[in-house]
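K.L.:
Can you keep this structure in mind? I'll have questions shortly.
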Amino acid sequence: MLVVVCAASASLAQAGQKAPPRDSRPAAPASASTSVATAYDQFLLGHHYESDDKIDAAIAAYKRAMALDPLAADIPAELAGLYLRQNKASEAMTLAEQALKIAPANREANRVLGVIYAAMADGGREGAPHAASDKNDANVTKAIQHLEAAIDHPDGEADPNVRATLARLYLATGAYAKAIPLLTVLVNQEAQWQDGPTLLAEAYVGAGRIPDGVAWLEERVGSDPRLLPTLGDFYEREHEWQKAADTYGKALTQAPRSAELKTRYASALLNGGGHDQVAKARDVLQDVVSARATDARALYLLSQAQRRLGDLPGAETSARSVIAQNGKSPWGYYALAEALEERQQYQAVVDALAPAVAQFKPGPSSDTAFEEGLLLPHLGFAYQQLGQFDKALASFEDARRLAPRDSTIAAYLAEANIAAKRYSPAIDVTRAALADHPGDLRLSRIEARALRASGKTGDAVAVLEGLLAKHQDEPSAYVALAQLYSDAERGGDAVKTLQDAQKKFPSDDGVAFELGAVLDKQKQFADAEAVFQQVLARDPKNAAALNYLGYMLAERGERLDESVGLLKRAVQLEPDNGSFLDSLGWAYFKADKLDLAEDNLHRAADQLKTNSVIQDHYGEVLFKLGRYDAAITAWTRALDGDGDSIDRSDIDKKIRAAKQKIKK
């Protein structure tokens with residue numbers, strides 16, 4: 001038996017005892033007036049019995065009334081309502097349909113059928129066979145038609161539960177424009193209905209009217225603090241992170257022990273950025289986790305906060321805790337990959353992600369494409385950093401199959417091809433992606449790099465000059481073209497391009513940094529140093545500028561104490577950055593502090609095995625320490641690496657010299 005329940009919240013006012021409805025039967029001839037009068041008496045008697053909870057007597061009275069006046073639609077409609085209240089849906093439907101054959105607009109009959117069809121739709125099961133799903137959709141359509149007829153009736157519809165049911169059906173079918181005015185009236189009338197504001201907010205979201213929803217919530221939240229979390233959610237949808245955090249903070253004053261509110265508050269703080277905000281988020285999340293050690297979402301966010309604050313061991317620990325709580329979710333693995341990447345522990349990334357990706361491969365009865373697609377780029381990047389290019393390309397190709405139009409995945413794949421010295425495929429990938437994303441700065445820059453690496457420097461320059469012509473308000477377009485000019489031995493053009501950019505973007509550190517690098521390559525060392533000093537004056541914690549300036553001094557063997565000081569500051573900011581460790585080790589080598597040099601260069605070489613320059617540096621210190629076999633191994637890795645910025649013949653000479661030392 002179908003048990004008919006109203007879909008609206010139980011806190012809505014229940015319908016009271018109805019007065020006898022206006023008779024909607026056709027006018028009776030005079031000869032039938034006695035039967036009609038008697039029928040009306042029985043109709044009233046049925047109401048009386050029902051109010052005394054004498055249901056069988058009420059039903060009998062209604063049936064006598066129907067027999068006496070078969071053309072009165074209100075009688076079977078009222079009996080249908082009684083059956084509905086007794087959860088006898090089949091009998092209620094039969095009588096309601098009978099009433100509508102007499103009077104199609106009968107409010108009560110439409111109400112009864114609307115409520116029954118809504119209950120039948122609500123009883124539909126997700127994942128049901130297609131035919132069952134179609135039947136459920138038909139029930140929803142019928143429910144809406146009948147409830148609309150009940151509400152549009154001149155008598156109106158007194159029961160707010162019925163209007164709430166219709167509003168829910170509107171939301172379920174995406175009819176948000178209809179739901180909003182209906183819910184607005186209901187929420188204003190039924191102040192104690194807890195679901196109402198949330199449903200109205202859902203309607204505003206569905207209709208794409210977020211600003212209207214925000215305005216409504218801002219107006220109402222003062223008198224109803226329960227809406228603070230909903231308002232915070234709306235601010236988050238609009239990326240108003242500070243307002244969201246402030247709102248969740250106010251909500252926490254109402255419910256200070258709510259772990260859910262604390263987590264949402266911390267999430268808004270994290271999205272807002274800024275060191276102080278992230279630190280506050282970390283403290284809030286640590287409080288949540290101390291009380292609920294198995295809260296996977298809080299642990300994930302804690303890992304993100306710790307990573308951004310430089311606490312990489314803590315970030316790794318929190319990420320592994322997420323995996324321990326729910327190994328079937330990709331988010332713990334995602335957070336772990338980010339923490340390990342920051343530490344440049346790429347083999348550890350592979351060890352963690354390779355089995356996870358295999359686990360998330362979609363099976364015949366499962367769809368885990370999202371989970372797999374989330375992790376594949378990190379796995380591919382780790383393989384690439386380890387010099388395992390075939391595996392890197394396979395990972396990015398798998399990711400691309402899952403998201404064929406994703407420009408970021410296309411960029412990863414193209415860059416992996418360049419790293420593997422497969423320039424033609426890199427060009428093909430970028431051009432295919434640019435057909436879907438014309439004008440994409442990153443893709444155009446990668447295309448130019450591939451063209452340049454394949455010997456087509458003129459084509460590469462044409463690509464980036466065209467890009468700059470279309471994106472003169474983008475600093476990165478100037479930087480990309482200047483880098484290419486510099487690589488193509490057009491240093492003057494590179495300097496001019498960046499100086500033009502500096503005039504347009506005087507406070508952009510990216511432009512200034514690149515200008516310093518170009519000036520360094522032009523051997524204009526004093527000018528380059530002045531530019532980097534300007535960057536550091538604006539941002540003393542610019543680790544990249546500290547590293548570049550320190551390395552520039554070390555390369556020339558100048559002011560080595562100052563060089564070491566600058567590089568130690570960079571390493572303090574990013575302790576696991578292999579490039580920074582290499583720079584510091586090289587400065588110590590130049591200062592003849594070989595033990596310190598070996599320690600830092602060893603760590604850098606272990607991290608960045610395919611970086612030819614770093615392997616060359618490590619070979620130098622090993623040779624000077626008399627460890628000739630190890631030096632040969634390092635220099636061999638340099639020859640097998642990316643080949644950037646090394647003289648291969650010079651390294652061959654070093655290897656021969658080391659072998660001569662071994663013979664002696």
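The values are calculated or read from the model by the stated rules, or taken from the named source; none is laboratory data. Every value quoted in this text rests on a predicted model; they were computed, and no experiment measured them. Neighbour counts are summed over all protein chains in view; Cβ atoms, including those assigned to glycine, are modelled from backbone coordinates with ideal geometry. Surface accessibility is based on the protein's heavy atoms, side chains included, excluding ligands, DNA and RNA. Shrake-Rupley method; radii C 1.70, N 1.55, O 1.52, S 1.80 Å.
K.L.:
Please go through the stretch 71-124 and pick out each residue that is open to solvent by 30 Å² or more (accessible area, probe 1.4 Å), assigned to a helix (DSSP H, G or I) and charged (D, E, K, R).
P.N.:
R85, E91, E97, K101, R107, D122
K.L.:
Here's another thing I want to ask about it. Sort through A392, A414 and tell me the only one that's free of Cβ contacts under 8 Å to residues at least 60 places away in the same chain, open to solvent by less than 30 Å² (accessible area, probe 1.4 Å) and over 19 Å from A460 (Cβ atoms).
P.N.:
Details: A414 fails: over 19 Å from A460 (Cβ atoms).
It is A392.
K.L.:
OK, next. Quick one: D647 ticks every box in (1) among the acidic types (D, E); (2) farther than 21 Å from Q347 by Cβ; (3) modelled with pLDDT of 95 or more except a single one, so which number is it?
P.N.:
Here D647 meets the rest and fails (3).
K.L.:
Okay, next question. Counting only residues that are open to solvent by less than 70 Å² (accessible area, probe 1.4 Å) and touching a Gly at 6+ places or on another chain (Cβ under 8 Å), which one in the stretch 207-253 is nearest to A191 (Cα to Cα)?
P.N.:
A251
K.L.:
Taking the stretch 285-299, which residues are more than 16 Å from D311 (Cα to Cα) and of a type outside the set (S, T, Y)? Write out each step before concluding.
P.N.:
Initially, the stretch 285-299 is screened for residues more than 16 Å from D311 (Cα to Cα), giving 287-298.
Listed by number, the residues that qualify are D287, V288, V289, A291, R292, A293, D295, A296, R297, A298.
Conditions tested, residue by residue: (1) at pLDDT below 95; (2) assigned to a helix (DSSP H, G or I); (3) not aliphatic (A, V, I, L, M).
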| residue | (1), (2), (3) |
| --- | --- |
| E372 | yes, yes, yes |
| L376 | no, yes, no |
| A382 | no, yes, no |
| A392 | no, yes, no |
| F396 | no, yes, yes |
| I409 | no, yes, no |
| A414 | no, yes, no |
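K.L.:
Among the candidates S583, S612, which residue alone is closer than 25 Å to L519 by Cα, of a type in the set (S, T, Y) and touching a Phe, Trp or Tyr at 6+ places or on another chain (Cβ under 6 Å)?
P.N.:
Numbers: S612 fails: touching a Phe, Trp or Tyr at 6+ places or on another chain (Cβ under 6 Å).
Just one listed residue meets the conditions, S583.
K.L.:
Somewhere in the stretch 641-648, is a residue surrounded by 18 or more Cβ atoms within 10 Å (Cβ to Cβ) and small (G, A, S)?
P.N.:
So far as the stretch 641-648 goes, yes, one or more of its residues are surrounded by 18 or more Cβ atoms within 10 Å (Cβ to Cβ) and small (G, A, S).
K.L.:
From the list A480, A469, A450, A426, exactly one residue is modelled with pLDDT under 95 and open to solvent by less than 30 Å² (accessible area, probe 1.4 Å). Which is it?
P.N.:
Details: A469 fails: open to solvent by less than 30 Å² (accessible area, probe 1.4 Å); A450 fails: modelled with pLDDT under 95; A426 fails: modelled with pLDDT under 95.
Testing whether each residue is modelled with pLDDT under 95 and open to solvent by less than 30 Å² (accessible area, probe 1.4 Å) leaves just A480.
K.L.:
Could you go through the stretch 484-502 and let me know if any residue there is open to solvent by 70 Å² or more (accessible area, probe 1.4 Å) and more than 17 Å from R452 (Cβ to Cβ). Steps first, answer last, please.
P.N.:
Going through the stretch 484-502, the residues open to solvent by 70 Å² or more (accessible area, probe 1.4 Å) turn out to be 487, 489-490, 496, 499.
Imposing the further condition that a residue be more than 17 Å from R452 (Cβ to Cβ) reduces the set to 496, 499.
Checked against the condition, which is being open to solvent by 70 Å² or more (accessible area, probe 1.4 Å) and more than 17 Å from R452 (Cβ to Cβ), the stretch 484-502 yields at least one hit.
K.L.:
Does any residue in the stretch 156-177 that is more than 12 Å from L199 (Cβ to Cβ) come within less than 9 Å, Cβ to Cβ, of a residue that is modelled with pLDDT of 90 or more and of a type in the set (F, W, Y) six or more places away or on a different chain, and which pairs are these?
P.N.:
That search, which allows pairs on different chains as well, returns A177/Y170.
K.L.:
Go through (1) surrounded by fewer than 21 Cβ atoms within 10 Å (Cβ to Cβ); (2) part of a helix (DSSP H, G or I) one by one and return the number of the condition A293 breaks.
P.N.:
(2)
K.L.:
Here are A339, A324: which of them is in a helix (DSSP H, G or I) and open to solvent by 30 Å² or more (accessible area, probe 1.4 Å)? Reasoning before the result, please.
P.N.:
Working: A339 fails: open to solvent by 30 Å² or more (accessible area, probe 1.4 Å).
A324 is the lone residue from the list that is in a helix (DSSP H, G or I) and open to solvent by 30 Å² or more (accessible area, probe 1.4 Å).
K.L.:
Same structure, new question: Mind checking whether some residue in the stretch 349-368 is outside any loop (DSSP other than H, G, I, E, B), touching a residue at least 12 places away in the same chain (Cβ under 8 Å), under 18 Å from the mean Cα position of the chain (by Cα) and at negative phi?
P.N.:
no
K.L.:
Scan the stretch 556-577 and tell me whether some residue there is over 21 Å from V535 (Cα atoms) and surrounded by 16 or more Cβ atoms within 10 Å (Cβ to Cβ).
P.N.:
The answer is yes; a qualifying residue exists.
K.L.:
Are any residues in the stretch 435-486 among the charged types (D, E, K, R) and not in a loop (DSSP other than H, G, I, E, B), and if so, which ones?
P.N.:
Within the stretch 435-486, the subset among the charged types (D, E, K, R) is 436, 440, 442, 445, 447, 449, 452, 456, 459, 465, 470, 473-474.
Of everything in the stretch 435-486, those that are among the charged types (D, E, K, R) and not in a loop (DSSP other than H, G, I, E, B) turn out to be D436, R442, R445, E447, R449, R452, D459, E465, K470.
K.L.:
Now for a different question. Return yes when D616 is touching a residue at least 24 places away in the same chain (Cβ under 8 Å), among the acidic types (D, E) and open to solvent by 20 Å² or more (accessible area, probe 1.4 Å) and no when it is not.
P.N.:
On the way: touching a residue at least 24 places away in the same chain (Cβ under 8 Å): yes; among the acidic types (D, E): yes; open to solvent by 20 Å² or more (accessible area, probe 1.4 Å): yes.
Yes: the conditions hold for D616.
K.L.:
Taking the criterion of being among the β-branched types (V, I, T) and farther than 29 Å from Q344 by Cβ, would at least one residue in the stretch 496-511 satisfy it?
P.N.:
If we filter the stretch 496-511 for residues that are among the β-branched types (V, I, T), which is where we start, we get 497, 511.
With the extra rule that they be farther than 29 Å from Q344 by Cβ, the set shrinks to 497.
Yes, some residue in the stretch 496-511 is among the β-branched types (V, I, T) and farther than 29 Å from Q344 by Cβ.
K.L.:
Another question, if that's okay. Among the residues of the stretch 164-176, is any at pLDDT below 90, open to solvent by 20 Å² or more (accessible area, probe 1.4 Å) and either assigned to a helix (DSSP H, G or I) or in contact with a Cys (Cβ under 7 Å, 6 or more places away or on another chain) (or both)?
P.N.:
No: the stretch 164-176 contains no residue that is at pLDDT below 90, open to solvent by 20 Å² or more (accessible area, probe 1.4 Å) and either assigned to a helix (DSSP H, G or I) or in contact with a Cys (Cβ under 7 Å, 6 or more places away or on another chain) (or both).
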